[in-house]
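Have a look at the structure below, then the notes.
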Amino acid sequence: MFDWEVFVKSWSLPAIVLVTAAAVTGASAEAAGPFAAYDAQAKALLARMTLDEKLGQITQPDQEFLKDQADLEKYAFGSIQSGGDSDPRTNSVEDWRDMYERYQAHMAKTRLRIPMVYGVDAVHGHSNVVGAVIFPHNIGLGATRDAALVEEIGRVTAEEVRATGINWGFAPCVTVPQDERWGRSYEGFSEDPRLVAELGAAAVRGLQGRDLKDPRRILACAKHFAGDGGTAWGTGMPDADHPGVRYPLDRGDARGDEATLRRVHMAGYVTAIEAGVGSIMPSFSSWNGERLSGSRRLLTEILKGELGFDGFLISDYNAIEDLPGDYAAQIKQAMNAGMDMVMAPSRYREFFATLKRLVEQGDIPQARIDDAVTRILRVKLAMGLMDEGRDLRADRSLLETFGSASHRAVARRAVRESLVVLKNEGRTLPLRRGAKRIHVAGASADDLGNQCGGWTITWQGRSGTPTQGTTILAAVSQLAGKDSKITYSRDGSGAAGADFAIVVVGEKPYAEFQGDRSDLGLSAEDVATVAAVKKSGVPTVVVLLSGRPMILGDVLSQADALVAAWLPGSEGGGVADVLFGDFKPTGKLPVSWPRSTSQIPINLGDAHYDPLFAYGYGLTYDDGAPPAGTQSRISPAEPARAVPVQAPAEMLVNGGFAKGDANWPSVRPKASQKGGPAPSRAPLPGRARSPHPPFARGYERRHGLPRGESLRTSHGFPAVSSSGRGPP
Ligand code: BGC
């Protein structure tokens with residue numbers, strides 16, 4: 001039996017030797033950011049490590065693929081992860097906790113007893129674990145414009161993760177999706193980098209807390225650096241099941257100049273670093289043909305150099321294998337580019353052996369290895385993992401709040417704030433209480449899995465009941481009042497005679513690459529359901545569950561009211577709260593809503609901006625409903641809850657980048673880089689772009705531009721195919 005008391009005591013600082021003058025050879029980067037304070041301790045520990053122990057810190061297997069439990073101590077891994085489908089036996093909170101503790105206990109038996117960081121994709125709650133609260137995916141949180149709420153969600157998520165002992169979440173995703181056909185669109189807060197920057201930093205603060213040592217918070221990981229949301233149509237990853245065919249966008253190539261990459265796709269990293277994020281995940285994708293995993297320019301010069309990131313980089317799942325050459329060449333390129341820890345889920349033995357050979361041959365300098373390990377150790381020290389008396393077991397008291405009513409209340413509030421009312425003809429909403437009969441219809445009305453989307457219990461998510469929660473049908477039944485009869489049909493039949501109908505339609509769960517689509521039209525089943533209900537003559541409220549704007553077609557004219565509910569997660573009650581008017585809708589579009597698939601990509605700032613619903617659009621019950629058929633180019637009404645902003649709308653229209661602006665991504669140039677950044681690469685041919693506005697700090701609840709303002713700028717990579725639009 002492993003003795004935890006002995007283990008805990010053994011973490012006393014003398015045990016890891018606190019020497020101030022580190023005898024470290026090689027030019028290990030000096031920390032300049034929040035982890036600088038731990039440099040001396042990290043280097044002291046590094047000085048005691050053998051090469052094998054250092055390489056163990058760099059190697060991250062997925063627990064699912066551990067070949068032998070003895071490997072845990074043999075390699076003394078710095079980290080283990082659970083990918084989207086890598087669960088313990090029953091997937092209960094207790095099984096997760098036992099699994100984590102078992103692995104951590106093995107680390108205590110290694111020579112230096114360096115604890116591991118265990119990583120999971122806690123991207124909308126502790127979303128692998130049955131019973132955890134599932135929050136809306138980021139696109140819904142973008143609609144809330146509520147940074148304080150996003151921070152609170154981070155805090156609750158961290159607590160639920162810590163209930164299993166786990167100390168690292170691969171979140172937040174600070175991607176800036178520019179093309180809704182991308183299957184990861186919902187992982188981004190917005191198409192607008194300013195909103196992403198604001199909410200991404202809030203998420204980091206929530207997950208990590210004010211002090212990373214807080215045992216109820218976790219290490220965050222901003223991902224996927226950089227340009228993952230800007231890939232060009234037709235450049236995505238090969239489809240393993242169909243030789244010669246590619247997924248259109250995921251893991252593809254972002255094409256554009258460096259200024260655009262910085263301005264659009266690095267915004268979230270600047271603020272995440274300011275918020276003290278301890279880890280960053282480089283993207284699978286490429287920038288102008290070069291994979292991010294192997295880009296020294298982006299990882300070392302810009303991210304670590306200019307932006308001053310002094311935490312560590314973790315490569316994405318097998319991502320280094322997309323680099324050119326054989327495995328050795330791939331490892332060499334990634335490590336020399338600045339990768340610090342490598343996800344080698346199943347090939348970890350081969351990774352370790354190859355890395356060792358490369359170091360011994362001099363292909364990877366010892367100093368680079370020392371730098372990588374110093375970065376990892378700095379973060380572990382900052383987390384307090386090696387503090388005297390630190391108990392690395394899960395805090396049992398957190399089980400009380402895991403999936404609790406109080407945590408679910410935070411999620412329910414997030415759902416309420418995320419809903420965007422796109423149409424409300426004749427003031428159909430709010431629904432009146434006391435109706436004799438309410439008919440609920442649609443394939444997603446009673447489907448928790450569809451509500452939660454991808455990255456929920458399983459990697460791609462699934463329809464049905466993957467976990468605990470409240471479906472919209474259940475929530476409507478609860479809130480309608482005991483005198484109202486609720487009837488339900490999946491296909492819309494039986495609505496006639498009801499006082500009104502609620503039809504819940506939308507996408508089925510998906511995640512990375514499998515969610516790429518060329519057509520964002522609603523399914524034939526959904527269209528038929530709405531038509532059937534409408535035909536029955538009852539007022540029809542359509543609730544759309546989707547990870548992105550969908551092409552609404554006739555459904556928009558048939559619906560008396562239409563609500564975009566994104567992927568709200570486990571708390572369907574938040575949808576019912578707004579439908580019944582217990583809370584007024586306040587959500588504003590975090591993305592531009594296209595009229596047709598051929599209009600995609602469409603983004604705020606495009607030269608010819610003519611969406612169905614503009615960025616920032618969203619009705620509230622005080623707005624009054626616009627007359628039918630006038631939804632196009634409706635400019636947003638006054639903000640529902642205006643707060644002072646530092647980016648007035650005029651800046652969006654007229655502002656070019658102001659030289660010297662403190663929010664420009666290349667902040668904090670180091671003395672050694674006084675010469676300035678390397679010249680930008682030449683812009684690729686594409687849509688003409690004009691200057692883009694500077695970032696707005698303190699950006700919150702900013703709404704779209706009034707009608708008539710011309711939007712001249714374009715901040716998106718031109719996601720062009722040979723025809724300029726759609727599949728080649
Ligand atoms: C995804 C990451 C995720 C990782 C680990 C990758 O496929 O791109 O977002 O963190 O898997 O599950």
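The values are calculated or read from the model by the stated rules, or taken from the named source; none is laboratory data. Bear in mind that the values here come from a model prediction, so they are computed numbers and not experimental data. Heads up, the Cβs are rebuilt from the backbone with ideal geometry, glycines too, and the neighbour counts pull from every protein chain shown. Surface accessibility is based on the protein's heavy atoms, side chains included, excluding ligands, DNA and RNA. Shrake-Rupley method; radii C 1.70, N 1.55, O 1.52, S 1.80 Å.
Structural remarks
- Ligands, DNA and RNA aside, Lys485 has an accessible area near 120 Å² when probed at 1.4 Å.
- Karplus-derived 3J(HN,Hα) values for the range 506-517, using 6.51 cos²θ - 1.76 cosθ + 1.60 with θ = phi - 60°, are x, 7, 8, x, 7, 9, 3, 6, 5, x, 5, 9 Hz; glycine and proline are entered as x.
- Rg over Rh for the range 35-391 works out to 0.94, using Cα positions for both radii and the Kirkwood form for Rh.
- Near the amide H of Trp566, within less than 5 Å, lie the amide hydrogens of Ser546, all on another chain or at least 5 residues away, with H placed in the peptide plane.
- Chain lengthening between Glu388 and Ser493 when straightened (0.36 nm per residue, less Cα-Cα): 31.3 nm
- Rolling a 1.4 angstrom probe over the protein heavy atoms with all chains in place gives the range 456-615 an accessible area of 31 Å² per residue.
- The ratio of the alpha-carbon radius of gyration of the range 115-176 to the globular-protein estimate 2.2 N^0.38 Å is 1.11.
- Leu612 long-range amide H proximity, modeled H, under 5 Å: Trp593, Arg595
- Taking all pairs of distinct alpha-carbon atoms in the range 250-334, Kirkwood radius in angstrom: 13.3 Å
- Rolling a 1.4 angstrom probe over the range 404-545 with all protein chains present gives an accessible area of which 52% lies on carbon and sulfur atoms.
- Considering all different alpha carbon pairs of the range 46-186, the Kirkwood hydrodynamic radius works out to 16.6 Å.
- The mean of 1/r over all pairs of different alpha-carbon atoms in the range 192-351, once inverted, gives a Kirkwood hydrodynamic radius of 16.2 Å.
- When the charge dipole of the range 393-543 is built from unit charges on Cβ atoms (+1 for Lys and Arg, -1 for Asp and Glu) and taken about the Cα centre, the candidate among Ala445, Gln478, Leu522 whose Cα reaches farthest toward its positive end is Gln478.
- Computed in the context of the full set of protein chains, the accessible area of the range 35-391 at 1.4 Å probe radius has 47% of its extent on carbon or sulfur.
- Virtual spin-label span in nm between Thr401 and Asn91, 7 Å along Cα→Cβ: 2.6 nm
- The string of couplings for the range 327-337 from the Karplus curve (6.51, -1.76, 1.60, θ = phi - 60°) is 4, 4, 5, 5, 5, 4, 5, 5, 5, 6, 6 Hz, one whole number per residue in order, with x for Gly and Pro.
- Computed packing ranks the peptides 452-464, 197-209 as 197-209, 452-464, most packed first, by mean other Cβ atoms within 10 Å.
- Across the range 124-133, rounded Karplus estimates of 3J(HN,Hα) from the backbone phi angles (6.51 cos²θ - 1.76 cosθ + 1.60, θ = phi - 60°) give 8, x, 7, 6, 8, 9, 4, x, 6, 6 Hz, Gly and Pro being marked x.
- Solvent-accessible heavy-atom area per residue, rounded to whole Å², over the range 35-391 at 1.4 Å: 24 Å²
- Length available on full extension from Asp239 to Asp52: 0.36 nm per residue minus the Cα-Cα distance, which gives 63.7 nm.
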